[in-house]
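Heads up: the structure comes next, in structure tokens.
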Amino acid sequence: MAQLSVQQKAAIVTGADFWRTVAVPGIPGFLISDGPHGVRKVEDHAAALGLGESDRATCFPPAAGIASSWNRDLVERVGQALGDESRALGVGVLLGPGVNIKRSPLCGRNFEYFSEDPLISGELGAAWVRGIQSRGVGAALKHFVANNQETNRMTVSVDVDERTLREIYLPAFETIVRREQPWTVMCAYNQLNGVPASENTWLLTELLRDEWGFSGLVMSDWGAVDDRVAGIDAGLDLEMPGPVAESSASVVAACASPAFEAKLDASVERINQLAHRVTDSVGPAFDVEVHHELAAAAAVESIVLLRNEGGILPLTPGAPIAVIGELAVTPRYQGAGSSQVRPTRLSAALDALQAHTEVEFAAGYSLDQSHNAQGLIDEAVALARRAETVLLFVGLPEGFESESYDRTTLDLPGDQLALISRVTAVNSRTIVILSNGGVVTLEPWHDATAAIVESWLLGQAGGLAIADVLFGVQSPSGRLAESIPFRLSDSPTFLNFPGDGNTVRYGEGVFVGYRYFETADVPTRYPFGYGLSYSTFGYSDFVVQKKGSRASITVTNTGTVAAKEVVQLYVSAPTNRDVRRPVRELRAFDKVSLEPGESTTVHFELSDRAYAFWDVTRHEWVVDGGEYTVQIGRSSNEIIAQQAISIADSRPKRALTLESPVSDWMEHPVTGPLLKRAAAGEAVEGGASVLDMVASMPMRRLLRFPGVPVTASALKVVLLAANNPVIRGIAALFDRS
Ligand code: BGC
């Protein structure tokens, strides 16, 4: 550090170009590339974003797809392959995973995020990071934090309360940081409660480093910096891209303060450590075929079978089918924006289906609306009329969802809706296959179909996966990692998305996704966690250990084909007087693979956090004492086994004072019986209990009312006794007996 001039240090903390860091003698530069679901290495490092110009790399299913797999091992294997490809392409840090929560189904970038639930996002994100970093390549956990919309993403202030932040938006980041120590974290563009993420000392230093123990490097999102000096002060080590003359000049000037220069030194040191951690040798070439097969395996598990009337699926090999829909030949396999990978192969569903049976095809619509829509529909309907079974491929064309802007509707394009209506009217054996990154509504056409396959965006091998699932080579095993609402207006963020002007208020609090639907009892078309299989599963022997720290359940494949089941464990908290809790929350899950007739017992470990909420008065996790229900669900809406357990309060008992509400005095073993006896004669007034009416009143206030025959000084003596642990303990014994 001593050998570096202030100018050199100021240069190092901002990028050398779009994708490289600055090199000085002793500190090598390294290459950063976009991910997350593939390596987007741009050859000309100085070139702007270079969308579409990158080297070829395997395009795995984006997060929205692979999240439906609920399969940690699979995600880790994809992470390893991403690490190998990064090495082969000389990339030192791969930008991903993105673990922002899907707050609204309209977010244009939902295809790049895992779930509306923090547990899945954290578990799958952790597997992703573990896989990449096992190959000596750094991950970049992004976008930290509360980047849940694209509208005004660079400027919007997210107004979110402390509990919501802790329970919904932070846990995925927290799990991954604590468990996997990602080499880097990328800060978000937006402001958090009025402070830009890139200048947020609480976020980047106090929470990330001091509380969670992060020891890696914090980089900016591309162009997220306004004030470089404030950024360094807050803990933002590296600004990307660069160079930015204004940043360097301001950093040099700020070094007049030794305290600031010490912070700059800390950032330079972290860049130095990362630069030496990154392996500079280019790794061996990756096996394109093997990775394509892995992409296909990942795509299979990403597919969610939503509807299968009369068991129309799987199809019989050899039986002729009509395939309708341009998306069967021009697949939509990833989202638009910085994550766009140039794939090594691309399998279209039509080609893959032809390997299983005889196929007739009609486009039905054009993705760029360049053709006569009516003509395409008429041609498709004629084919549907004479076909025995129709596979109808519909979905969102690329321009409908992208990084940088949000959607305004959950509907499919109008020409596709017209096509679905006409085709289903002439062929009752119509199977709809959807391609979309963000959720689409299945209304009003849902009931007219024989089956619906939600295939999200499946990466480069999606066509193979779709054909394998439709023909039963593989049983579908995806489960929804996000709810599918009937209508946009049913969703909890409807009134608060994307906000007013430059502010978005997270008014729904912790009630995001299924936490809202289940608690408010708002029906969804398909709930979180839902998905069909070609097999059936039986559950038995649900055991929850008394203290709630362990649970187990036996699962049996009761059907006739090999299949995978996702075992979902939810916790339902008791009604809390002060804090509204969701009716249930996912607290553990596992995926098991079973042959017909085979059983296995799944074991879960549950920490205190499974029962806790974030207490804003104490600024810590608190477990409320009371009766909890541990539940096993086929989805957030279908509980098939449950067990009640009693859990002790984690808070030390609060001393009783004159400020304590009357209810606390009532519940106390010493003062409760005294109060009840004193109020015995007047406990009811006009049908209402007087004690209930004054329950929330601090005792000191009650004493001021005329006719209350006790004084504060008399009660102080009672308090001495009540707060004496021995007397309290004895009174508690009497209270019980
Ligand atoms: C995106 C990041 C991405 C970066 C570099 C930004 O606009 O938000 O996710 O990694 O660009 O392309």
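The values are calculated or read from the model by the stated rules, or taken from the named source; none is laboratory data. Bear in mind that the values here come from a model prediction, so they are computed numbers and not experimental data. Here Cβ is always computed from backbone atoms with ideal geometry, including for glycine, and neighbour counts include all displayed protein chains. The area values use the complete protein model at the heavy-atom level, side chains included, leaving out ligands, DNA and RNA. Shrake-Rupley method; radii C 1.70, N 1.55, O 1.52, S 1.80 Å.
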(message) Checking the condition assigned to a strand (DSSP E or B) and at pLDDT 95 or above, which residue from Val583, Val602 passes?
(response) Val602
(request) Count, please, the residues in the stretch 217-236 that happen to be in contact with a helix residue (DSSP H, G or I) (Cβ under 8 Å, 6 or more places away or on another chain) and either away from the ligand (no atom under 16 Å from the Cβ) or open to solvent by 30 Å² or more (accessible area, probe 1.4 Å) (or both). (result) 10
(message) Please list, ordered by residue number, the helices (runs of 4 or more DSSP H) wholly in the stretch 643-720 having 2 or more residues that are modelled with pLDDT under 85.
(response) 671-678, 690-693
(message) Checking the conditions here, which among Ser281, Ser250, Ser257 is modelled with pLDDT under 95 and either within 16 Å of the ligand (Cβ to nearest atom) or open to solvent by 30 Å² or more (accessible area, probe 1.4 Å) (or both)?
(response) Ser281
(message) Considering only the stretch 236-243, I want to know if a residue exists there that is more than 24 Å from the chain's Cα centre (by Cα), in a strand (DSSP E or B) and touching a residue at least 24 places away in the same chain (Cβ under 8 Å).
(response) yes
(request) May I ask you to list the residues in the stretch 488-513 that are in contact with a Pro (Cβ under 6 Å, 6 or more places away or on another chain) and within 30 Å of Lys564 (Cβ to Cβ)? (result) Ser491
(request) Confirm whether Ser302 is open to solvent by less than 10 Å² (accessible area, probe 1.4 Å) and of a type in the set (Ser, Thr, Tyr). (result) yes
(message) Looking only at residues that are surrounded by 15 or more Cβ atoms within 10 Å (Cβ to Cβ) and free of Cβ contacts under 8 Å to residues at least 60 places away in the same chain in the stretch 9-44, which one is nearest to Gly235 (Cα to Cα)?
(response) Arg20
(message) Looking at Glu454, Glu443, Glu403, Glu482 in this structure, which one is within 16 Å of the ligand (Cβ to nearest atom), at pLDDT 95 or above and either of a type in the set (Asp, Glu) or open to solvent by 10 Å² or more (accessible area, probe 1.4 Å) (or both)?
(response) Glu403
(request) Tell me which residues, restricted to the stretch 381-399, are at pLDDT below 95 and under 27 Å from Ala450 (Cα atoms). (result) Glu398
(message) When the residues of the stretch 179-215 are narrowed to those that are assigned to a strand (DSSP E or B) and out of contact with any strand residue (DSSP E or B) (no Cβ under 8 Å at 6 or more places or on another chain), which ends up least open to solvent (accessible area, probe 1.4 Å)?
(response) Pro196
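So that you can scan it fast, the table gives a plain yes or no per residue for (1) out of contact with any His (no Cβ under 7 Å at 6 or more places or on another chain); (2) among the polar types (S, T, N, Q); (3) outside any helix (DSSP H, G or I):
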| position | (1), (2), (3) |
| --- | --- |
| Gly364 | yes, no, yes |
| Leu367 | yes, no, yes |
| Leu383 | yes, no, no |
| Thr409 | yes, yes, yes |
| Ala418 | yes, no, no |
| Gly438 | yes, no, yes |
